[in-house]
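The values are calculated or read from the model by the stated rules, or taken from the named source; none is laboratory data. Every value quoted in this text rests on a predicted model; they were computed, and no experiment measured them. Cβ: placed from backbone, ideal geometry, glycine included. Neighbour counts: every protein chain shown. Please note that ligands, DNA and RNA were not included when accessible areas were found on the heavy atoms of the full protein model with its side chains. Shrake-Rupley method; radii C 1.70, N 1.55, O 1.52, S 1.80 Å.
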Amino acid sequence: MSGTLATRGLSFKEPLIFEASTPGRTAHSLPRSCNDAAGTVTLPDGLLRASAPRWPEVSELEAVRHFVRLSQQNYGIDVGFFPLGSCTMKYNPKVNEEVARFPGFAALHPLAPTGWVQGALKLYWELERYLMEIAGFSAVTLQPAAGAHGEFTGLRLIKEHLTHTEGTPRKKVLVPDTAHGTNPATCAMNGYKTVAIKSSDHGVVLPEDVARAMDEDVAAIMVTNPNTLGLFESHIAEIAAIVHAKGGYVYGDGANMNALLGRARPGDMGVDVMHLNLHKTFSTPHGGGGPGSGPVLVNDALAPYLPVPRVVRGDDGRFSLTSDRPLSIGRVKAFFGNFGMHVRAYTYIRELGREGLKEASDMAVLNANYLRVRLAERYHVVHDRACMHEVVLTDKYQRRDTPVGTRDIAKALIDEGFHPPTMFFPICVHNAIMIEPTETESRDELDRFVAAMERIDDQARLDPEPILNAPRLPIVGRLDETRAVRQPILRWQPDGE
Ligand SMILES: Cc1ncc(COP(=O)(O)O)c(C=O)c1O
């Protein structure tokens with residue numbers, strides 16, 4: 001057990017170098033460029049500090065070790081299995097990084113004249129076309145910086161369109177109880193009231209429930225498909241027809257598109273507008289909250305409202321930018337969005353091609369079903385039938401027979417060398433354990449994960465204490481998660497500063 005963790009670099013317990021500061025020790029030898037030949041400081045008085053900053057005083061070697069050690073204490077997809085359901089923590093191919101670092105992309109200035117950046121504009125334009133083809137829509141913006149930002153933008157398009165055509169944005173948006181929290185937040189930010197639609201016992205939205213809630217005050221329904229239970233919303237076309245009949249729109253939360261590539265297109269199912277998460281389906285990094293990308297795809301009716309500027313191709317094949325779109329909602333992001341992510345997603349799509357993308361989704365679904373069947377021997381599977389890209393379990397059997405629950409299972413997985421799955425989500429499932437293996441894991445790795453889950457179940461039944469006290473191998477054990485959220489301490493500060 002510990003061997004696995006040690007090789008995954010999680011078991012360092014050395015003191016952090018910030019606490020090991022030694023007066024007078026230094027890691028730099030910068031030229032004294034602010035001093036004149038006589039050694040007198042030449043900076044203006046107003047810019048000089050009265051006292052030296054209380055930074056940790058360490059040697060170069062200590063500073064290097066500090067940061068390298070920190071990097072080794074971190075856990076990421078390049079370190080091990082990361083089955084975080086709903087987050088599609090898929091492998092980020094290194095070729096994406098290499099292409100994104102080409103100077104012609106990485107060193108571009110966003111204000112460079114369009115005549116100088118034809119290659120970048122071509123990539124942008126082609127990526128738009130690939131995404132439209134993959135998802136079945138007629139226009140797209142690449143500007144939004146995340147899925148949630150895409151949702152905000154997409155619902156805003158509906159709002160503008162309704163205001164323009166009906167003179168009112170309407171008042172309500174229907175949101176199933178399986179939705180990601182960003183969906184109701186998006187409604188609130190756009191000034192809509194959220195109306196929750198309860199999913200059926202089979203885990204999907206039923207047309208009759210939508211019909212009951214649907215009236216002429218409803219602007220849209222937001223449907224995630226496959227939903228966060230990992231199930232395909234099989235009534236989507238019927239639901240879309242019900243919503244359209246009353247003049248409403250269907251917002252597709254396309255965060256789970258990793259299950260559908262090359263197999264089904266939301267645009268063909270009656271969805272009017274949808275975001276994609278490039279940092280999920282198209283393998284760009286989630287990177288420490290760093291840049292993401294949430295393109296928004298629309299049908300013809302909503303296209304005039306898309307953000308500007310738009311990239312257009314002239315008859316001569318040259319690309320330019322236009323903001324001549326009178327109905328546009330304007331910009332939602334500086335410049336063109338996170339262009340480096342567009343380069344990576346473009347590379348991924350070109351690398352895999354039509355068949356490769358389809359295979360990626362097939363494997364993601366196969367892997368999730370493999371885990372569902374293997375884990376069902378020990379864990380309660382909420383909907384034990386074919387799932388899509390993820391499967392939701394609970395701690396029902398462990399709670400019935402032992403003091404161990406969802407949180408303990410997740411913490412014990414850390415000691416086994418795995419990142420925990422998503423816990424307690426979706427919130428419509430009590431004590432959910434949501435597992436999304438993605439397509440790139442081998443059967444060996446999935447078997448190792450199953451074996452770890454089985455060991456945890458065995459241990460819970462035999463002697464639960466170690467599970468209740470897990471994790472014991474990382475440098476921090478159980479954190480006060482509520483306090484961490486409410487009173488975040490995001491940087492080290494010396495006492496008294
Ligand atoms: C179903 C669903 N919708 C929306 C989002 C929000 O996306 P983002 O985290 O990029 O803002 C996520 C994120 O994982 C999601 O799973």
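Quick notes on this one:
- Number of positions in the range 359-370 that are over 21 Å from the mean Cα position of the chain (by Cα) and within 14 Å of Ala259 (Cβ to Cβ): 3
- Where a residue in the range 459-478 is open to solvent by 20 Å² or more (accessible area, probe 1.4 Å) and its partner, wherever it lies, is of a type in the set (Lys, Arg), with Cβ under 9 Å and at least six apart: Pro466/Arg472; Leu468/Lys411; Asn469/Lys411; Asn469/Arg478; Ile475/Lys13; Gly477/Lys411; Arg478/Arg407; Arg478/Lys411
- Yes/no for Tyr348 being surrounded by 14 or more Cβ atoms within 10 Å (Cβ to Cβ) and under 26 Å from Val429 (Cα atoms): no
- Every condition in (1) away from the ligand (no atom under 16 Å from the Cβ); (2) of a type outside the set (Val, Ile, Thr); (3) open to solvent by 40 Å² or more (accessible area, probe 1.4 Å) holds for Gly314 except the one numbered (3).
- Residue in the range 233-253 that is in contact with a Cys (Cβ under 9 Å, 6 or more places away or on another chain), touching a residue at least 12 places away in the same chain (Cβ under 8 Å), buried (at least 17 other Cβ atoms within 10 Å of the Cβ) and not polar (S, T, N, Q) present: no
- Exactly one residue out of Val343, Val308 is open to solvent by less than 10 Å² (accessible area, probe 1.4 Å), modelled with pLDDT of 95 or more and not polar (S, T, N, Q), and it is Val343.
- Taking residues in the range 415-435 that are in contact (Cβ under 8 Å) with a residue 12 or more places away in the chain and part of a strand (DSSP E or B), and partners anywhere that are surrounded by 18 or more Cβ atoms within 10 Å (Cβ to Cβ) and aliphatic (A, V, I, L, M), the pairs with Cβ atoms closer than 6 Å and at least 6 places apart or on different chains are Thr422/Leu84; Thr422/Met434; Met423/Ala410; Ala432/Val392; Ile433/Leu393; Met434/Val392; Ile435/Leu371; Ile435/Val391.
- Checking Gly290 against (1) open to solvent by less than 50 Å² (accessible area, probe 1.4 Å); (2) at pLDDT 95 or above, the condition it does not meet: (2)
- Which listed residue is free of Cβ contacts under 8 Å to residues at least 12 places away in the same chain and closer than 29 Å to Ala364 by Cα, from Ser283, Ser293, Ser200: Ser200
- Each residue in the range 145-159 was checked for being near the ligand (Cβ under 8 Å from one of its atoms), closer than 19 Å to Leu174 by Cβ and open to solvent by 30 Å² or more (accessible area, probe 1.4 Å), and 1 of them qualify.
- In the range 204-241, of all residues being within 16 Å of the ligand (Cβ to nearest atom) and in contact with a His (Cβ under 7 Å, 6 or more places away or on another chain), the one that is farthest from Met388 (Cα to Cα) corresponds to Val205.
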